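Heads up, the thing below is written out as structure tokens.
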Amino acid sequence: MSTPAEQAMLVSRAAAAVAITPASVAKELDAARDKLSRGLKKLAELSEDDLAIATVPREEVWREDMVRLYRCKPVVDKSHNVPVLITYALVGRFQMIDLEAERSLVRKLLAAGFDVYFIDWGLPTRTHRFLTIDDYVSGYLDQCVDVIRERSGSEQVNLIGICQGGVFSTCYAALFPHKVRNLALTVTPIDFHGDVKEPQTGAGYMNRWARSLTAQDIDDLVEAYGSAPGSMVGFAFLMMNPVSNLTKYTIDLIDVLDDDAKLLSFLRMERWIADRPDHPGEVLRQWFKDLYQDNKLIRNELQLGGRTVDLGNITMPVLNIYATGDTVVPVSCSKGVGSHFGTDDYTELSVPGGHIGTFVGNKAQKILAPTLTNWLKAHA
């Protein structure tokens, strides 16, 4: 037997159906046509400046191969003594941390008085196919840290790692703990088999797909492509939610045509999504085999350059932030991993939203940056 609320809903739907007439349909179609016409005109008038992303003032302070290290222009007279280095993933571009001025993690850190650096991993080509995770961690990342230490006069840096960049940062903190003051992780997988023990509906598709492959499948993939094309990586992410990724170009886009702010946010996000770098083959091979399949990071079995990544070496304070609606990194792959670190100062925090919504979602925006800035200040 239905509840009063359910009965009221049925009555409302029935009334709405009865209200549909040829005249009302024609009126609605006319309104939609006018809205589309105005929207197309508006789209045609947009300039490159209107759609610009990652516009925070910055200077390049180091480069090697396709990798660049940037220092953001400070906005306070005296910054905190320990600089911040943000490390993003290889599968997307760094612009997510500064997508729009109003939704910028970088700008909020600057406003809080931090000296902020970030790495742009650039656009790897086929010539970079043999780069390994160790090349990124003990090579590029370590060189960036040393450049910052020399420029700032600080013996240590605050590391903020995001997604895959969080894994790199974790490995770095375990291998070079004396160079890291604090480690902050956001939407970062640590236990790559967490979703096996605690499945999450609608999440972890990449985990399951990677585990379904044989070692030969992975080798064949790497040998065939060298570097995984960015378009292929992007398609894999789109297939995690195919219906939503189709309707956003029809229903969602039409819905925001009359709202300038929402339309620009939509287009800037799409610009970021479309810019997928190729992924070095050897990194992909190790990521799939050692992490997705063998879960070596949390088991302290991951080998980088002949050295073991032992999470017990991470004795500095750790802040671990995960998203409750993350479909890319299931909650169970990030949550509850504090006991595996060597620190006795471990903090865990959940934010509402998904993998990317952590950085651009309205609700998460009110939690992420304030938490990071307050935590870093408390651990200065």
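The values are calculated or read from the model by the stated rules, or taken from the named source; none is laboratory data. No experiment lies behind these values; they were computed from the predicted model shown. Glycine also receives a Cβ, built like all others from the backbone with ideal geometry; neighbour counts cover every protein chain displayed.
Residues in the range 59-79 that are touching a residue at least 12 places away in the same chain (Cβ under 8 Å) and within 23 Å of residue 139 (Cα to Cα): how many?
Looking only at the range 59-79, we keep the residues that are touching a residue at least 12 places away in the same chain (Cβ under 8 Å), and these are 59, 61-62, 64-76, 78-79.
From what is left, the residues that are within 23 Å of residue 139 (Cα to Cα) are 59, 61-62, 64-72.
Total meeting the criteria: 12.
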Pairing a residue in the range 297-318 that is modelled with pLDDT under 95 with any residue that is surrounded by fewer than 14 Cβ atoms within 10 Å (Cβ to Cβ) and in a loop (DSSP other than H, G, I, E, B), where Cβ atoms lie under 9 Å and the two sit 6 or more apart in sequence or on different chains, gives none
Confirm whether residue 369 is among the aliphatic types (A, V, I, L, M) and either surrounded by 16 or more Cβ atoms within 10 Å (Cβ to Cβ) or closer than 15 Å to residue 190 by Cα (or both).
-> yes
Do you know which residues across the range 110-130 are surrounded by fewer than 22 Cβ atoms within 10 Å (Cβ to Cβ) and among the acidic types (Asp, Glu)?
-> 120
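Restricted to the range 277-295, and to residues that are within 22 Å of the chain's Cα centre (by Cα) and over 23 Å from residue 356 (Cα atoms), which residue is surrounded by the most Cβ atoms within 10 Å (Cβ to Cβ)? Outline the logic, then answer.
Taking the range 277-295 as the starting set, the residues that turn out to be within 22 Å of the chain's Cα centre (by Cα) are 277-293, 295.
Of the ones still in play, those that are also over 23 Å from residue 356 (Cα atoms) are 281-282, 285-286, 289-290, 293, 295.
On the way: 281: 25, 282: 18, 285: 20, 286: 20, 289: 16, 290: 19, 293: 19, 295: 20.
The qualifying residue surrounded by the most Cβ atoms within 10 Å (Cβ to Cβ) is 281.
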Would you check if residue 53 is touching a strand residue (DSSP E or B) at 6+ places or on another chain (Cβ under 7 Å), farther than 19 Å from residue 184 by Cα and outside any helix (DSSP H, G or I)?
-> yes
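Report yes if some residue within the range 20-43 is under 27 Å from residue 257 (Cα atoms) and modelled with pLDDT under 70; otherwise report no. Even if it seems obvious, please write down each step before you answer.
If we filter the range 20-43 for residues that are under 27 Å from residue 257 (Cα atoms), which is where we start, we get 20-43.
Those still in the list that are modelled with pLDDT under 70 too: none.
No: the range 20-43 contains no residue that is under 27 Å from residue 257 (Cα atoms) and modelled with pLDDT under 70.
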In the range 251-270, what count of residues is obtained for those that are under 15 Å from the mean Cα position of the chain (by Cα) and touching a residue at least 60 places away in the same chain (Cβ under 8 Å)?
-> 1
Working only within the range 361-379, note down all residues that are part of a helix (DSSP H, G or I), of a type in the set (Lys, Arg) and without any contact (Cβ under 8 Å) to a residue 40 or more places away in the chain.
-> 363
So which of 168, 192, 176 ends up being among the hydrophobic types (A, V, I, L, M, F, W, C) and free of Cβ contacts under 8 Å to residues at least 40 places away in the same chain?
-> 176
Using the structure shown, decide if residue 252 is acidic (Asp, Glu) and either at pLDDT 95 or above or not in a helix (DSSP H, G or I) (or both).
-> no
